[in-house]
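*Asks:* Attaching a single structure in structure tokens format; questions to follow.
The values are calculated or read from the model by the stated rules, or taken from the named source; none is laboratory data. Since this is a predicted model, take the numbers as computed values, not measurements. Counting neighbours? That spans all protein chains shown, and the Cβs are built from the backbone with ideal geometry, glycine included. The area values use the complete protein model at the heavy-atom level, side chains included, leaving out ligands, DNA and RNA. Shrake-Rupley method; radii C 1.70, N 1.55, O 1.52, S 1.80 Å.
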Amino acid sequence: MIGHHLLGKKRIDVSANLKGKKRLFFLGTNHPFYGKKRPEHSKAMSSRGNPMYGRTKDIDPERGKKITRTAIERGSYRGDKNGMFGRQHRPCSIEKMRLQRIGKHPSPEALEKNKATYRTLEAKDGARKRMIEMLKRGIFSIKPNGPEKELIGYLRATQPHEWKYTGDGSFWVGGLNPDFVNEKTKQMIEHFGCYWHGCPSCFPNHKVKEMGTTEYRVAKYAECGWDCLVVWEHDIRNGNYKELFGRFLTTGQAGMLSREVPMPTN
Ligand SMILES: [Zn+2]
């Protein structure tokens, strides 16, 4: 595919690299040189052996800039800019990709090792922190899910240009990553999955960690000066979120706390 370089085993988005993002996936076995050694003729090219040694002044200063400029103008090949937009791979390509993936799965021993590493709580917490760190640095991205897409559409229609989807890790307050923010009014919206966040009407018996509870998150945001509306998954399913959002705009979070939890209709 154009715009992507096949380096090692992982596909790297060139435009992402230009923005200073790290090539995380070159670590360990993903590194193209993993388990290999530089051949002698390659070593001989180092330092004084390099024909460019001491010739920095000879480099055309415009050259690198031109490459960068072209990449910036072109942008990333996402959405309709992607050559595959709206098209499907041929069955033979699909088979090729399937074969490429084979062997990339960790071996049973590696799996066991990973499991042993993550068995402890500290390790799990470390993994979570690393994940958050990677999200913050834009090393990988999260795309909105179905209900979030519906919310995005609704917010765009009712208050154009006011709300930003930030659930992709692009915005953080008090160590938390809200789903939508309106920076002008310091309002935010959190979309909570009923199971994962222990919705009181759908999963009253599902206990969740403090950090995942509505109370903790709303209070944390309030501490930092933000008003947060919680929209449950079932609010989106039964369409109640529109009314909730309207009420939130007039009363703010304070007016929402006293609201009756609407029962899901399906
Ligand atoms: Zn629910």
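Residues are listed down the side, and each one gets a yes or a no for (1) at pLDDT below 75; (2) open to solvent by 100 Å² or more (accessible area, probe 1.4 Å):
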site: Gly64; (1), (2): yes, no
site: Gln88; (1), (2): no, yes
site: Arg101; (1), (2): yes, yes
site: Glu122; (1), (2): yes, yes
site: Ala127; (1), (2): yes, no
site: Gly138; (1), (2): yes, no
site: Glu148; (1), (2): no, no
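*Asks:* Of the numbered conditions (1) on the phi > 0 side of the Ramachandran plot; (2) more than 16 Å from the ligand (Cβ to nearest atom), Asp168 fails exactly one; give the number of that condition.
*Replies:* (1)
*Asks:* Would you pick out the residues in region 178-195 that are in contact with a Gly (Cβ under 8 Å, 6 or more places away or on another chain) and without any contact (Cβ under 8 Å) to a residue 40 or more places away in the chain?
*Replies:* Asp179, Phe180
*Asks:* Applying the selection to region 176-196, what residues are open to solvent by 10 Å² or more (accessible area, probe 1.4 Å), modelled with pLDDT of 85 or more and not in a strand (DSSP E or B)?
*Replies:* We begin by selecting, within region 176-196, every residue open to solvent by 10 Å² or more (accessible area, probe 1.4 Å); these are 177, 179, 183-187, 191, 193, 195-196.
Remaining after also requiring modelled with pLDDT of 85 or more: 177, 179, 183-187, 191, 193.
Of everything in region 176-196, those that are open to solvent by 10 Å² or more (accessible area, probe 1.4 Å), modelled with pLDDT of 85 or more and not in a strand (DSSP E or B) turn out to be Asn177, Asp179, Glu183, Lys184, Thr185, Lys186, Gly193.
*Asks:* Let me ask something else. With respect to the numbered conditions (1) within 18 Å of the chain's Cα centre (by Cα); (2) modelled with pLDDT of 75 or more, which one is the sole condition not fulfilled by Met84?
*Replies:* (1)
*Asks:* Going through region 9-30 one residue at a time, which ones are at pLDDT 60 or above and open to solvent by 80 Å² or more (accessible area, probe 1.4 Å)?
*Replies:* Initial filter on region 9-30 (at pLDDT 60 or above): 26-30.
Within region 9-30, Leu27, Thr29 meet the criteria.
*Asks:* Taking region 199-255 as the region of interest, how many residues are part of a helix (DSSP H, G or I) and within 15 Å of the ligand (Cβ to nearest atom)? If you could, list the steps in order and put the result at the bottom.
*Replies:* Start the filter on region 199-255 by keeping residues that are part of a helix (DSSP H, G or I), which leaves 210-212, 214-223, 233-237, 241-255.
Of the ones still in play, those that are also within 15 Å of the ligand (Cβ to nearest atom) are 212, 214, 233-237, 241, 244.
Residues flagged as part of a helix (DSSP H, G or I) and within 15 Å of the ligand (Cβ to nearest atom) within region 199-255 amount to 9.
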